[in-house]
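A short worksheet on the structure shown next.
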Amino acid sequence: MNADTTGPHVVVAGGGIAGLAAAHRLALAGHRVTLLEAGDRVGGKLLAGEIAGAPVDLGAESLLARRPEAVALARAVGLGDRLQAPGTTTASVWSRGDLIPMPKGHVMGVPGDARAVGGLVSPAGLGRIDRDLELPPTEIGEDIAIGAYVAERMGHEVVDRLVEPLLGGVYAGDAHRISMKAAVPALFEAARVHPTLTAAVRAVQQAGAAVPADAAGAATGLGGAAFLGLDGGIGTLPGAVAAAIRAAGGEILTGTSVTALLRSGATGWRVVTRDRTFDADAVVLATPAGTAAGLLGGHAPGAAAELDGIDYASMALVTLAFRRSDVPALPGSGFLVPPVDGHTIKASTFSSQKWNWVTDSAPDLFVLRTSVGRHGEEEQVRREDTDLVAASLKDLAAATGLAARPVATTVTRWTGGLPQYPVGHLARVARVREALAALPGLRVAGAAYDGVGIPACVASAHRAADEIADEIDATSKRTDPGAGHSS
C-alpha cells in the first residue's frame, strides 16, 4: 500500500530500529510518513560490517525469538528465509580462572535449586542459597533492585557469579541498581506472592515448562530456539525495513537532526531541522531519552525532566579475525565474565561457532568478539583501539589459551548506547506517558522505555504508531460529520 501523499502526515524522529518499526507500521497503514535521522545511516545499534572480508555484526547480533515482534518484522520485510538459529547455544562463565559451563535451571542467574549452580558457587555459597528456604518473606514493595534482593535471599556469591554477568550482557549495568520489575518481570511478580525466592524461581520455571518446548519457535519454523540471527547479520534488518518504508511511500532523510518541536494549531506540530521545517499531524520521538527531553522541555517540562534523568552506559565491541588453523578448540558459543574477578572484558562471543553464516562466508577464518564497558566505566570505552585489542587478547589467552595473533581487528564503540533501568524505572516511564497524554499527536518509543532488546523496541514502536493512528482516525471522524455513515 502506498501512503496517501495528501493525508495526515506523521514525522518520526530517530532512525534506530524503534523509529524504523514505527515508520513502517504507519506507512503500511496508509499514512504519509517522514523519518528523520540525525546520523548518516539508519539502524542505531544494529550495524552490519565486515572483517578480513567476512561479514559480521558490529552491534546487536541476535533477537529474542520467544517474543514475536522482531521475528514478525523480519518476515514482513522479506527476511524470513534468512532467519537462522545459532549453531550452538552452549556457553560458559569464566569464573575464578576456569571456563565453567553455564548452569541450567536458573532464571537470569537465580537458581531454583542450589545444586544447579554447583560448578560456579562455592560450598559455602551453596549453603547460603539454601538459607533462602528458612528466611522470613522479604517485603518487595513496588520495585526492588534485583542484585540487592537476590543477595539478601541467597547471598552475594550467586549475584557475583551469575546474576551480574548475565544482566551485564543485557544492560551493561550494576545488578544492585537494576530494577527487578523492569529486568525480570516474571520473577518479580512471582516473588511478590511466594514466601521464598526459591519458590518464586520454581513457579517461573513451571510456567515456562507448561508451554510445549517447540511452541516458542512455532511461529518462526525454527524449532524452539530462544534467540535467532539473520544470515548476513542482524545489522541487515534496518536496511530491509527502510526499503519497505520507501516502497510504501515513506520518506527517510539521514543527516537530519530535529532541532525544535513547535505546536502548530490545536493538534498539529511543526518539526524544525537545520535546513527544513516539516508540518505534521503527529510526531513519534524515537530518539535517546536526552534528545527527547530537549525537544519536550517547552511542552511537557515534567516529562522532559523525567527523561533527562535516564542514565546511559557505554560499551565497546572488539571484533577479531584469526586464521582458523591458529585457533585451539573453544567451547560453545562463548563465555561471560563476572565483574568481581576484575578482568577487562565482560563477555566473548565465538561468532564462527555461534553463527553458521559467519563460517559459511569465511571458512578459513575464526571470528570472535569481546565486549568491554559497564555503567560507570566510561574510561574503559575511551581507551585507544590498540589498548582494547591488547586487553582483549590478554583476557582471551588467560581464559581459553588462545595465543594466536589476529589477522584483522575492529573496535566499535557504542557511546551512551544502553539506557539504565534502575529501581522505579517503569514508574518513571508511566509518568512520562501520562504527561504526554495531554499533548495530542505525540508519542515516544525506543529502548529507554519498555526494554532494551530488539523485540521490546519494536513493540514500543508499534504501541506508539497504533496510538497515533487511532488518534488521527478519531480526529478525522470528529471533523467529518459524515464519517462512519453510509448514504
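Observations, loosely collected:
- Yes/no for Leu330 being of a type in the set (A, V, I, L, M) and surrounded by 23 or more Cβ atoms within 10 Å (Cβ to Cβ): no
- Within the stretch 93-128, if we keep just the residues that are open to solvent by less than 10 Å² (accessible area, probe 1.4 Å) and not hydrophobic (A, V, I, L, M, F, W, C), the residue that is farthest from Ala461 (Cα to Cα) turns out to be Gly125.
- Flag if Thr287 is within 25 Å of the chain's Cα centre (by Cα), farther than 27 Å from Ala175 by Cβ and open to solvent by 40 Å² or more (accessible area, probe 1.4 Å): no
- Of the residues making up the stretch 134-192, those that are closer than 28 Å to Ser348 by Cα, in contact (Cβ under 8 Å) with a residue 40 or more places away in the chain, open to solvent by 30 Å² or more (accessible area, probe 1.4 Å) and in a loop (DSSP other than H, G, I, E, B) are Asp174, Arg177.
- Contact map, the stretch 341-352: first residue under 18 Å from Leu388 (Cα atoms), second residue hydroxyl-bearing (Ser, Thr, Tyr), Cβ cut-off under 6 Å, separation 6 or more or different chains; pairs are Ile345/Thr370; Ile345/Ser392; Lys346/Ser371; Ala347/Ser371; Ser348/Thr370; Phe350/Ser333.
- Selection from the stretch 429-439 of residues that are open to solvent by less than 30 Å² (accessible area, probe 1.4 Å) and either without any contact (Cβ under 8 Å) to a residue 40 or more places away in the chain or under 17 Å from the mean Cα position of the chain (by Cα) (or both): Val429
- Every residue from the stretch 270-284 that is open to solvent by less than 40 Å² (accessible area, probe 1.4 Å) and either of a type in the set (A, V, I, L, M) or more than 18 Å from Leu253 (Cα to Cα) (or both): Val271, Val272, Ala280, Ala282, Val283, Val284
- Residues in the stretch 202-225 that are among the hydrophobic types (A, V, I, L, M, F, W, C) and either open to solvent by 30 Å² or more (accessible area, probe 1.4 Å) or at pLDDT 95 or above (or both): Ala203, Val204, Ala207, Ala209, Ala210, Val211, Ala213, Ala215, Ala216, Ala218, Ala219, Leu222.
- Filter pass, Leu26 being part of a strand (DSSP E or B) and within 18 Å of Cys457 (Cα to Cα): no
- Members of the stretch 147-201 that are at pLDDT below 95 and β-branched (Val, Ile, Thr): Val170
The values are calculated or read from the model by the stated rules, or taken from the named source; none is laboratory data. Everything numeric in this text was worked out from a predicted model, so none of it was measured. Every residue, glycine as well, gets a Cβ built from its backbone with ideal geometry; the counts of neighbours run over all protein chains shown. Calculation scope for accessible area: heavy atoms of the full protein, side chains included, ligands and nucleic acids excluded. Shrake-Rupley method; radii C 1.70, N 1.55, O 1.52, S 1.80 Å.
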